[in-house]
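One structure is given below, encoded as C-alpha cells.
Laboratory data are not the source of any read-out in this text; all were calculated from the coordinates shown. Because the structure is a prediction, the values reported are computed rather than measured. Cβ sites come from the backbone with ideal geometry, for glycine too, and all protein chains shown count toward neighbours.
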Amino acid sequence: MVSELREILEKVARGDCSVKEAETQLRLFNIVEVARLAKLDVSRETRKGIPEVIFARNKSIPDLKKIIDAGLQAKPVLLLSQLSSEQINATRKHFEKKYDINVYGEGSMVVLQEQGYLPKSRGGKVGIIAAGTSDRRVAEAAKVMAIQMGCEVFVAYDVGVAGVHRLFPELTEMIEQGIDVLIVAAGMEGALPSLVTGLVDIPVIGLPISTGYGLGGEGLGALISMLQSCSLGLAVVNIDNGIGAGAIAALIANRIAQK
C-alpha cells in the first residue's frame, strides 16, 4: 500500500495526475485490516460523510478490543453499536484511561473518542421524535449518528398518539428552530410518523421500533403501518435501524445546509 501511495504522489509531482484525481485514488486506499478479523472503512466519512460504525453483537471481547484499537489508531473517534453489558464493561476497563467513552440507549450506541474531541459542524438541523419512552433506546442511536455527522439535533420523547396533545408544543419548537428533516420513532402500531408527516412540510423518516404486544409486537406491526401510510413525504427504515435513520437524516440536512 505504501508503494502504491508513493506512486500516486510521484504522478502528481510529475504532472501526470491532477490533484483531484489523486484525491479520489487516495480515498480508495484508506482501509484498515485487523488481523483478518475486519476491514475498517476509516475513509468513509471523508468519502461520503458517514462515519464507520462497528457492529459489536456476536464479536468476542478480545476481537472487539483489537478492532477498536485499530480504529482509534486511524481516527480520533469510533462508533460502536449493539454492545452487551459485558462488552461495555470490558471496553471501559481497557480504554477509559485514554479515551472518553459515552454509552447511549443501553448500549445501542457507544462513542469512544479522544479527550476534547468535537465533531465538525456541517450546518444541518435534525429533529428526532420518539412516541414512547421505550422507543428512546433506538432514537438515541439516531441522535448520536446525526451529531457525529455534524448536525445540530433537537429531540422530544414520549409524545405518542396515546396523548397526542403532548406532541404539538415540541413539534412547533422544532419547526421554529428550522429543522431540515425529522425522524419519528414509534413502536406499537407505529401511527405517529403518519400523523407527523401530515402536519409538516419537511421530509420525515419513519423509524419502527420493536416494542409492542403479541402479534407484530417486535416491530413488524409498526413497520407495516409506516409502509402503508397514505401521508406523502414519509420514508421508512428497517426495524430498530436508528443508525440508518440518523445517517440519511444527516445527509439530507447537511446537503440543505450547503445551499
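Of the residues 95, 162, 247, the one whose Cα sits farthest towards the positive end of the charge dipole of the chain is 95 (charges of +1 on Lys and Arg Cβ, -1 on Asp and Glu Cβ, taken about the Cα centre). Applying 1/(1 + (r/R0)^6) with R0 = 45 Å to the Cβ-Cβ distance of residue 9 and residue 133 gives a FRET efficiency near 0.25. Going through (1) 61, 40, 31; (2) 65, 45, 33; (3) 52, 46, 30, the figure that equals Cα extents along the principal axes in Å as computed for the structure here is (2). With 27 Å as the limit on Cα-Cα distance, the pairs of 59/98; 48/259; 97/120; 75/125; 93/125 that go past it are 93/125. Residue ranges 151-162, 108-119, 201-212 sort as 201-212, 151-162, 108-119 when ordered by packing (mean number of other C-beta atoms within 10 Å per residue, highest first). Neighbours of residue 131 by Cβ distance under 11 Å: Lys/Arg scored +1, Asp/Glu scored -1, total -1.
Modelled this way, with points 7 Å down the Cα-to-C-beta line, the labels at residue 24 and residue 121 are 3.3 nm from one another.
What is the extension gain from residue 16 to residue 66, computed as 0.36 nm multiplied by their sequence separation minus the C-alpha to C-alpha distance, in nm to one decimal?
Fully extending the segment from residue 16 to residue 66 adds 14.1 nm.
Relative protection proxy for 173-184, 66-77, from highest mean packing down: 173-184, 66-77 (other beta-carbon atoms within 10 angstrom).
Normalised radius of gyration (Cα atoms, divided by 2.2 N^0.38 Å) for the range 125-257: 0.92.
Calculated FRET efficiency, residue 230 to residue 102, Cβ-Cβ distance, R0 = 35 Å: about 0.35 to the nearest 0.05. Springs between Cα atoms under 10 Å define the GNM used for the chain, and in it the highest mean-square fluctuation of 136, 166, 122 occurs at 166.
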